[in-house]
Amino acid sequence: MMEAGAAAAGLPPAIALHSYGSSPDWIPRYLALPTELYVGFSYAINGRENQREKLLENIAVVPDDRLLLESDLECPLDIEEHLRAMCAIFAEAKGWSLEETAERTWANAERFVAAGGGGGVDAGRSATDCG
């Protein structure tokens with residue numbers, strides 16, 4: 001049903017707000033759009049100490065089934081470190097264990113891609129593509 005509403009509104013079936021950094025007040029407005037809307041956060045963009053309070057507020061407002069974990073790095077060498085750091089921040093904001101956070105965000109990512117999101121993923125890059 002959501003997919004039909006998205007098409008009628010000229011929207012794709014799934015949208016991700018990438019490395020979201022705006023006000024927590026906007027998240028419910030975006031979620032009201034007639035599409036499957038997900039909100040992603042990355043340590044590279046959102047993990048700065050001076051943004052910590054706002055980041056925790058933003059994560060807390062996002063429904064559990066719409067939260068995406070992002071790396072936002074071009075070079076894959078630091079991806080695991082950044083994903084682990086962001087996973088810990090998600091766990092803190094939501095009151096989850098690290099394992100639950102990883103499981104929930106993985107399931108969310110699978111639903112996002114299955115719904116038609118994530119078309120820009122470049123899985124063919126390697127650790128030597130950092131230059």
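Of the residues E70, E53, ranked by 1.4 Å probe accessible area with the largest first, the sequence reads E53, E70. Once the chain from A85 to A7 is taken as fully extended at 0.36 nm per residue, the excess over their C-alpha distance is 24.5 nm. Note on K94: accessible area approximately 40 square angstrom, rounded to 10, probe 1.4 Å, nucleic acids and ligands left out. Overall, the anisotropy analysis places the chain in the oblate class: the square-rooted eigenvalues a ≥ b ≥ c of its C-alpha gyration tensor yield a/c not less than 1.5, with a/b not exceeding b/c. Taking 0.36 nm per residue of sequence separation and removing the Cα-Cα distance, the L33/K54 pair yields an extension gain of 5.3 nm. Placing W26, W106 in order of accessible area, with the largest value first and a 1.4 Å probe, yields W106, W26.
The sum of -39500 (n - 2.57) across all DSSP H runs of n ≥ 4, divided by the residue count of the chain, sets its helix-only mean residue ellipticity at 222 nm to -13000 deg cm²/dmol.
Considering only protein heavy atoms and a 1.4 Å probe, what is the carbon-and-sulfur percentage of the accessible area of the chain?
Its accessible area is 55 percent carbon and sulfur atoms.
Contact order for the chain, expressed relative to its length and based on alpha carbon pairs under 8 Å spaced 6+ residues apart, stands at 25 percent.
Heavy-atom accessible area for R48, with the other protein chains in place and a 1.4 Å probe, reaches approximately 110 Å². Take the Cα of L77, step 7 Å along the line toward its Cβ, and report every residue of the stretch 31-65 whose backbone nitrogen sits under 20 Å from that point. Only 43-45 fall inside the zone, counting backbone N under 20 Å. By the combined test of axial Cα extent (at least 20 Å) and Kyte-Doolittle hydropathy (mean at least -1.0), the qualifying DSSP H helices of the chain come to 79-94, 98-114. With all protein chains in place and ligands, DNA and RNA left out, the 1.4 Å accessible area ranks H82, H18 as H18, H82, largest first.
At the residue level, T105 shows approximately 10 square angstrom of accessible surface with a 1.4 angstrom probe and all protein chains present.
The values are calculated or read from the model by the stated rules, or taken from the named source; none is laboratory data. In this text, all values refer to a predicted model and were calculated from it rather than measured experimentally. Because the Cβ atoms are built from the backbone with ideal geometry, glycine has one as well, and the counts that use them run over all protein chains shown. Heavy atoms of the whole protein, side chains included, go into the accessibility calculation; ligands, DNA and RNA do not. Shrake-Rupley method; radii C 1.70, N 1.55, O 1.52, S 1.80 Å.
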